[in-house]
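The values are calculated or read from the model by the stated rules, or taken from the named source; none is laboratory data. Just so you know, these numbers come straight off a predicted model, no measurement behind them. Virtual Cβ from ideal backbone geometry, glycine too; neighbours counted across all protein chains shown.
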């Protein structure tokens, strides 16, 4: 396994553990990892390596940024997927993002089921979609990450699972 894959696996697994414990992912881990990735890829691949790394970071951030702007996801999750992109490049982060969303859905079902929250969660989703249809896409008070009463997901776990799947399947 290549050094960059080992490094990003270490980063996402560390982030997942920290996220479960604190519900935060530190900037030093996300920005630090992305910066190291940019330097590493510039060193090993020149300008094209740097470009692929920067492009992967930008795509990773762009994938989850809408959820952050709607206050449905924390900024650490967005920055973590950006770091994944800086290491894996544009195509790698697209795969990691897709697998992370799938893992996040499974995680949400498990956590919601464990807390007896599934019925309420599906009702909230239905209400959110109805509000968006009539009032436009915007945060819905009571359903944002700041003020939701439901169980919180440590989405760093889903991003770690998606990244592991991406590295394993490549």
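Brief remarks on what is shown
- Breaking point among (1) at pLDDT below 85; (2) farther than 25 Å from residue 98 by Cβ; (3) surrounded by 11 or more Cβ atoms within 10 Å (Cβ to Cβ), for residue 122: (2)
Let's see how each residue does on (1) out of contact with any helix residue (DSSP H, G or I) (no Cβ under 7 Å at 6 or more places or on another chain); (2) in a helix (DSSP H, G or I); (3) without any contact (Cβ under 8 Å) to a residue 60 or more places away in the chain:
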residue: 88; (1), (2), (3): no, yes, no
residue: 99; (1), (2), (3): no, yes, no
residue: 104; (1), (2), (3): no, yes, yes
residue: 116; (1), (2), (3): yes, no, yes
residue: 122; (1), (2), (3): yes, yes, yes
residue: 127; (1), (2), (3): yes, yes, yes
residue: 144; (1), (2), (3): yes, no, no
residue: 149; (1), (2), (3): yes, no, yes
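- Residue check, residue 38 within 23 Å of residue 153 (Cβ to Cβ) and touching a helix residue (DSSP H, G or I) at 6+ places or on another chain (Cβ under 6 Å): no
- From the list 84, 93, 78, 110, the lone residue that is surrounded by fewer than 19 Cβ atoms within 10 Å (Cβ to Cβ) and either touching a residue at least 40 places away in the same chain (Cβ under 8 Å) or out of contact with any strand residue (DSSP E or B) (no Cβ under 9 Å at 6 or more places or on another chain) (or both) is 110.
- Test result for residue 18, free of Cβ contacts under 8 Å to residues at least 12 places away in the same chain and assigned to a helix (DSSP H, G or I): no
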